[in-house]
Every structure is written in C-alpha cells, then in structure tokens.
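Scroll down for the structure; my scribbles are underneath it.
No lab work stands behind these numbers, since they all come straight from the coordinates. Keep in mind it's a predicted model, so treat the numbers as computed, not measured. Note: ideal-geometry Cβ built from the backbone for every residue, glycine included; neighbour counts use all protein chains shown.
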Amino acid sequence: MINLVTHEFFSFLLFFLLALFLIAGYPVALTLSGVAIITATLGYFFDLFPVVLLNVLPNRIFGIITNETLIAVPLFIFMGVMLEKSGVANTLLVNMSRLWGNLRGGLVFSILFVGVLMAASTGIVGATVVTMGILSLPLMLKWNYNKKISAGVICASGSLGQIIPPSIVLVLLADIFQGANEEASMISGNLAPNPVSSVDLFAGAIFPSLILVFLYVVWIFICSFVNPNNFPVQEVDKEKISFKEILSLVFPPIFLITLVLGSILFGIATPTESASLGALGSFLIALMKNKINFSIIRSVCLETMKINSMVFFILFGASLFSLVFRGFGGDIIVENFLTDIPGAKINSLIIVMIAIFILGFFLDFFQIVFVIVPIVGPSLISMGYDPVWLALMFAINLQTSFLTPPFGFALFYLRGVASQEIKTSDIYYGVIPFIIIQILLLFILFKFPEIITWLPKKL
C-alpha cells in the first residue's frame, strides 16, 4: 500500500481534491489554498514533501503585491465599472439601437459594435453581458428576432473583453507567462530570455481580435441573408439622429480606448500608468455627461474592491497550489509526459489546448490561468513556441470558458437577467456558432502565427 503512495499519487490527488471541492461549491481561492495545505501535510507524513519549500511562499506573495504591472488590474477594473455603473455604456447601446435598428440585422450589429467598445473600455465580461442582456434582449424579443441568435450574439459580444486590448486578462496572462518564460529559459540554459510584457500581448491581440469581430460580422450577415425571417426589419420609434449626436456618443469611449492603448503601444506610458489614465478618463466622461454622484462613486469603489480582491486572493491561492505541486515533482511529471508524446511539439500543444478547452466547461478563466498555465507553459515554451503567440492562443481558447455549456459564466450572466421566454437551451444553442468561429480563429492563428507575432516584434 505504501509503495502506491508516491509523488505521482499526490500530484494527481492534488487535482482530484481541487475538482471535488470546486464541484461542491467551495470558494476558489480558499479551495486552492486548502487543498494545497491538506495535500502537503499528507505528503509530509509520508516523507514525500519537503515542507521547507513553503518558506518561499511569503516571498512569492510579497512579489505579487509589489508587482507594479499588476497595479494596472484594479485600475482597469475601476475604468470598466465606472463606465458601466454611470450608465455611459447603457446610453451608447440605446442610441446605437436607434441609429441602426431599422436595418435588417441592424440591432444585432449594434450589439456587436457596442460589445466591442465596451470590451475595449471595460474588459469586464459580466458587466457587459448583463448590461446588454437587460437593455437589448427585451427589444430583440419585441421585434421577433430569433431567440437563439439573440442570446448567442449577446454572450459572444460580451465575452470579447477577454482578448480586445487593453484587457485585464492579458495583463494577468503577461505576468504568468513572464514567469513561465523565465522557467523555460532555465530549462534550455538561456540566462537572458526576452521579457514577456503586457505591451507585447496587447500588440499581439490587436489583429486576432479584429479578425474575430470580422468573422462574427460575416456570420451574422450570412444568417440574415439565408434566413431573413430571423432578422425582421422594424421601424424604430425615433427622431433622426444628428451627426453631432452620434459623434458625442461614440467619440468619448473611442478616444479613451485610443489614448490608453496608444500610450502603451508607442511607449509613452507603462500599462499601469495608462490604466491610471483610463480610470481618470472614465471618471471625466461620466462627469461630463452628468452621470456621476456620490452614490455611483461609492458603488464603483465597492465593486472594484470586490472584483480586485477576488482576483488577487485566487492568485495567492494559486501560488501556494503551484508551489505544492512542484514540491511533489508535478512539473517534472508534466514535462516528461509532454516530451514523451510522439510528435511532441505539435501533439503536446494540441493535447494542452484540448484540455484547456474541456476545463473551460467547468472552470472559469482565473482558475485555469493561475493553476494550469504555470504548469504547462514552461514545457511548451522550452519546445520552441513563442511565449507571446502561446499566451494569446491560450487567451482565445480560454475565452470559450465564458461561452461553453454547461457552466460558461457568460451563459449564467445572461440567464440571470433574461426573461422566462428565453429557455436555457436557447442560450446554449445560440453560442455554439460563436464557439465554432473561435475554434476556426485558433486554426488560422496556428497556421499563420505572424498574425500575432508581427506587431510585437515591430515595437
């Protein structure tokens, strides 16, 4: 019996207990830490875990809380929450509906357009999906739009915040992949690896995100052409919108996005400094539109604190989890498994991508990024994959975690605000075409990696 209790056994036990407690509904951050402590304690009793390894944990946590790049996270969260809570995003969606609503499929294109702007300016999937679900879904049902298409386009456009820069997700991924790249460099003997920064990921994400939006538009256009009954034309009860009014609606968020992203890409400011500028800009936009008061400021600060606390507590728990996993030699087990696969480089990537895709059915983005990526990232990078390209391939793949049934978070967000007229099956079926489009994009990026790597190399 004792012979069966090996390092491999505890490595698998770690993930088994993690899955068990998450399914049971325990908080992610506490589950990561608790499972790690329980497994490490059992391993110590069997003399299989060097408990002295935990001495480095304080330094890891201190490194996280003093990481200047990660300061951009609460600032980007504040920017997004401010635009959402102040009603700026709501006004934009309502008026875009007025502008395009009398065209065939116009309301769908309006939702997609506003989704892109909100994704780039907020980066908060839940806020975007809920906002557009509350405002646009009743209107789409009133105009007899297809229920599945209505639900699908709201979820898909709301989840664009994953990859459209500037993105909280990309900031976190950059930090994780920087560590993975350094570890891979140690494996290969490279003592001076090229750094992986959020600037690189922002630049690399521009073309893939544009292609993804373009594919969404093409799909909607084809659907409206093949089956126009699903996209009825309705006259919107409105006065004609002037060019000045359109400009006043669209210019502020576009200017804010350009200012934040441009200052990063052109090296004028660091991501943290640009995030500060974005937070200030979102406040000024709300102030200029007379949509700010003490109650909104208080609500924005509380929501920012809640989201930021959740992210960093998961990050702390993931640090302990990965440390214990490495203490049992789990990183070596994973590396040996990936390198022993026939056709190791390509097949290893395929297996990891499939595993992440499946995990997205049950786990959210943060759980996958903080736990899985540090484990598989170094091995894949050491095989020769560009870390920026790999990070964005993971990001696009992980975007499906918000869309994939049965537990996609975007599906739950929409289910929470949708009327009983929308069945859960309508939401599930509605997102399938968009999941397929995302998989198609992954194939395109695999075949043509320069789409991602060209711009970062030019900076």
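Overview of values
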read-out: With at most 15 other Cβ atoms within 10 Å, longest stretch of the chain clear of loop GluC sites (Glu not before Pro) (DSSP); value: 240-420
read-out: Charge sum, other residues only, whose C-beta stays under 13 Å from residue 423's C-beta, Lys/Arg counted +1 and Asp/Glu -1; value: +1
read-out: Point-charge dipole on Cβ atoms (K/R +1, D/E -1) for segment 2-458, about Cα centre, debye to 20; value: 1320
read-out: Neighbour net charge for residue 68 - beta-carbon separation under 14 angstrom, K R +1, D E -1; value: -2
read-out: Inter-label distance for residue 347 and residue 290, nm, one decimal - labels placed 7 Å from Cα along Cα-to-Cβ; value: 6.8
read-out: Unit charges at the beta carbon, dipole of segment 2-458: most positive-side option, 357, 412, 11; value: 412
read-out: Taking the convex hull of Cα positions in segment 2-458, its mean projected area over all directions (nm²); value: 23.2
read-out: Positive-pole candidate from 232, 274, 80, dipole of the chain, charges at beta carbon; value: 232
read-out: Sorted by Cβ density within 10 Å, fewest first, the residues 198, 322; value: 322, 198
